[in-house]
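Working notes, beginning with the structure itself.
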Amino acid sequence: MSAMRTLDASAVREAVERMVVEANCKAEPALTDAFTRCQAREEQKLSRSVLEKLTLNARLAAERMVPMCQDTGMAVFRVRLGQEVHITGGSLERAIQQGMARGYEEGYLRKSVVDDPLFSRENTRDNAPAIIYYELTEGDKLDITFAPKGFGSENMSAIAMLKPADGVEGVLDFVVDTVRRAGPNPCPPMVVGVGIGGTFDKCAQLAKFALTRPLGSRHSDGRYAALESELLERINALNIGPAGLGGHTTALAVHVETFPTHIAGLPVAVNICCHAYRHSHVVL
Ligand code: SF4
């Protein structure tokens, strides 16, 4: 039997503290590259100007280590814990929650979480709690992905329990219609996360995780990669455009994630991310 690898909770806390600041301030180069590429194909001066300002915004945020957007979001983590890792010196959950809260404090990131969703709605003042999805994996590594989720775009998300007979056209129509109804609200150009399959809850999670993929990465199955392209084309024909002012760049990418489902169902979820496409990843 192989020995367990020990990992101190303080190392997790420190890594999380760094990664929440980094995600909010430093865009992946693919994002600014996409702004520049899309700028070249816009005919309207206004659309080009919005993309130019978004590029400048992302560059200044990274240089000055200030957030790309004032809405630094609700903290979402995907944690993959190797079954041969033993966390010492405290609980993994507490380490992540504390690291997140410290990062939001030290990085001057806005605290956006309320304690009770319906009645008191008082700000918790440290952005806690983070939403953490745990998965047990093989091996001796702890793999953490972080994505802050702003609610201008989160509020535009939707899910449909389609019938299997609705097929590809049903999926295309639902996703494109969700983006059409969202209009300018999710701060376009957006990145569209699509979950297909699983159950009601699993499908929503797939759509969320789709938004942690490198920008513009493709589904490994060619049929779904083609679906991503078709969706992007239809979405960009909606003429919502950068900042909702019209143009060809309504979305920068569509990421589809899939999972087996029940014989009687075809769940589809759409989780939208704004132009502040933010995430960070660490392996400990
Ligand atoms: S949707 Fe995105 S860009 Fe718009 S305010 Fe929220 S976090 Fe900022």
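Of note:
- The share of Cα pairs per 10 Å bin across segment 17-141, counted from zero up to the longest distance, runs 12, 30, 28, 22, 8, 1 percent.
- For MET4, net neighbour charge (Lys/Arg +1, Asp/Glu -1) across residues whose Cβ lies under 11 Å away: -1
- When the alpha carbon gyration tensor of the chain is reduced to an equivalent ellipsoid, its three semi-axes come out at 31, 25, 18 angstrom, largest first.
- Principal axis dimensions, segment 92-139 - Cα atoms, whole angstrom, descending: 42, 27, 13
- Of LYS149, LYS45, the order by accessible heavy-atom surface (1.4 Å probe, DNA, RNA and ligands excluded), from most exposed downward, is LYS45, LYS149.
- Stretch in the chain that is longest and holds no GluC sites (Glu not before Pro) that DSSP places in a loop and that have at most 14 other beta carbons within 10 Å: 139-284
- Across the accessible surface of the chain, with the other protein chains kept in place and a 1.4 Å probe, carbon and sulfur atoms take up 55 percent.
- ASP116-LYS163 pseudo-label distance in nm [points 7 Å out on the Cα-to-Cβ vector]: 4.3
- Cα extents of segment 152-282 along the three principal axes, largest first (Å): 42, 37, 28
- Over 30 Å between alpha carbons, listed pairs LYS53/LYS208; LYS53/LYS202; LYS26/LYS163; LYS26/LYS208: LYS53/LYS202; LYS26/LYS163
- Net lengthening on full extension, SER10/LEU46 (0.36 nm per residue, minus Cα-Cα): 8.1 nm
- Stokes-Einstein D for segment 162-217, Kirkwood Rh over Cα pairs, 10 °C, 1.306 mPa s (µm²/s): 127
- GNM result for the chain, Cα springs below 10 Å: residue of ILE144, ILE87, ILE272 fluctuating most strongly: ILE87
- Summed over the residues of the chain and divided among them, the accessible surface reaches 49 Å² per residue at a probe radius of 1.4 Å.
- Calculated [θ] (222 nm, deg cm²/dmol) that DSSP helices of n ≥ 4 give over the chain, each run adding -39,500 (n - 2.57): -12500 deg cm²/dmol
- Loop-exposed chymotrypsin sites (Phe, Trp or Tyr not before Pro) per DSSP, neighbour cap 15 Cβ within 10 angstrom, longest uninterrupted part of the chain: 120-284
The values are calculated or read from the model by the stated rules, or taken from the named source; none is laboratory data. Since the structure is predicted, the reported quantities are computational estimates derived from the model, not experimental observations. Counting neighbours? That spans all protein chains shown, and the Cβs are built from the backbone with ideal geometry, glycine included. Only protein heavy atoms, including side chains, enter the accessible area calculation; ligands, DNA and RNA are left aside. Shrake-Rupley method; radii C 1.70, N 1.55, O 1.52, S 1.80 Å.
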